[in-house]
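Shown next, in structure tokens, is the structure this report addresses.
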């Protein structure tokens, strides 16, 4: 193993070894104060859209703010009638994650079949929690590409990195939430506090898209491909817990009481979720639910590629490169990480030479959550600027956070946490919009499986671009040039730590 590989392994072992959050024992019956409906009716709620659904088109609605993105997922879970299929890179056991689990268990209690597929590397739930959730007769959990977190001891993990370094780094970065095979949410958000404006210290500016109709079939087909792949392993084959009692009749009660406790899930949020039955009718009447003939959902195959080395690309890489080559006059891109290879730099340089204006927004050092990735960006920043790109770096105290962060937490606090960019979005010529999981870095290009939704709609593009252009403004981002970058706005210790990570090879960032 090369020294650089050992460094990456050390970073992984020290960052992912924290103890999972334990659900506290309950001393009061909070759930007795809440009425839970036993009837669900997603099919009924979709009736106002039947004429549009029968056309064979796809309905598209962009979810910009975290509060509504969370409540929409909760409402869909509450109204699911048959199936919930979930695929995520991160499904944390923090506040949002535990409440999400409560919604899934309650759906399973109604007879809904729930399947959860999570990438191995950042699973932070303990064996007891995983086995308990999976023990429900209507819930199945699988772990993608295990061996670097679950299923092996430290010696096994070291061996995995030493003998199959590329395989250990091939992660599943897809994010899809599919209900009854009728509605999908996909985009940049993982399941954790910071993606839904619920973290007290750091939250993300992110973007999802809700899909109805034809393209939902493509997302569901992609999920089935991953679920049935040999890389997806049932959690029961990976973990064991001698203290786990599968016959414990009250095993879900702590979870329910946690979610019912008003200190963890505020009553006003539940009331807002209950008020969503008119959601589909309201968004269609708003004119923001757009129906169109062509919406493409593109996903990489499990395992990404089987070529030697850390290169090889994938389906999403090829489609995004083709879209950049198709641009005639303007590209607007948001990516939390901006680490381009020589091939990527040439792709952008060629576009600039043929008259395309390229505007890219990424995180500043002050708003970045990944110092290793930022160190990689520092290496290529000057080359990107010399190629003619306009670069904007997101401010940690962006003014727009007061508009985008609509979650209930913000109404309670007397300050607003740091705001970092996590949206992965591209708008081509003001006509085509890409919303997905793909970061502009070698990891997304060659290692992680990714998925993107390509939307050919002037109206969707105009709405997304309006928000992006707002974020270019000085109150929201710094305009980086060859003569100026905002690295000095970050603390000295942050700059020092970032410098020490410049030794990490760019091909694995």
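Miscellaneous remarks
- Scanning the stretch 434-474 for residues that are part of a loop (DSSP other than H, G, I, E, B) and closer than 20 Å to residue 302 by Cα turns up 437, 438, 439, 441, 448, 450.
- Residue match in the stretch 238-248 (condition: in the same structural domain as residue 108 (by TED's automatic domain parsing) and in contact with a strand residue (DSSP E or B) (Cβ under 8 Å, 6 or more places away or on another chain)): yes
- Contact map, the stretch 157-180: first residue touching a residue at least 40 places away in the same chain (Cβ under 8 Å), second residue surrounded by fewer than 16 Cβ atoms within 10 Å (Cβ to Cβ) and not in a loop (DSSP other than H, G, I, E, B), Cβ cut-off under 9 Å, separation 6 or more or different chains; pairs are 157/13; 158/13; 161/6; 180/43.
- Residue within the stretch 277-288 that is at pLDDT 85 or above, crowded, with 17+ Cβ neighbours inside 10 Å and over 30 Å from residue 364 (Cα atoms) present: no
- Selection of the stretch 220-244 for residues being outside any helix (DSSP H, G or I) and surrounded by 13 or more Cβ atoms within 10 Å (Cβ to Cβ) yields 229, 231, 232, 233, 238, 239, 241, 244.
- Condition check for residue 73: assigned by TED's automatic domain parsing to the domain that holds residue 203, free of Cβ contacts under 8 Å to residues at least 60 places away in the same chain and not in a loop (DSSP other than H, G, I, E, B): no
- Considering the stretch 339-410, the qualifying helices (runs of 4 or more DSSP H), each wholly inside and each with 1 or more residues that are modelled with pLDDT of 95 or more and closer than 26 Å to residue 505 by Cα, run over 342-353, 371-386.
- Criterion: farther than 30 Å from residue 109 by Cα, outside any loop (DSSP other than H, G, I, E, B) and in contact with a strand residue (DSSP E or B) (Cβ under 9 Å, 6 or more places away or on another chain) - qualifying residue of 283, 333: 333
- Taking the stretch 296-318 as the range and being more than 20 Å from the chain's Cα centre (by Cα) and either touching a residue at least 40 places away in the same chain (Cβ under 8 Å) or within 21 Å of residue 62 (Cβ to Cβ) (or both) as the test, the residues that pass are 305, 309, 310, 311, 312, 313.
- If you filter the stretch 257-269 down to residues that are crowded, with 20+ Cβ neighbours inside 10 Å and within 23 Å of the chain's Cα centre (by Cα), you find that the one that is modelled with the highest pLDDT is 259.
The values are calculated or read from the model by the stated rules, or taken from the named source; none is laboratory data. Note that the coordinates shown come from a computational prediction; the quantities given were computed from them, not determined experimentally. FYI the Cβ positions are ideal-geometry reconstructions off the backbone, even for glycines, and counts take in every protein chain you see.
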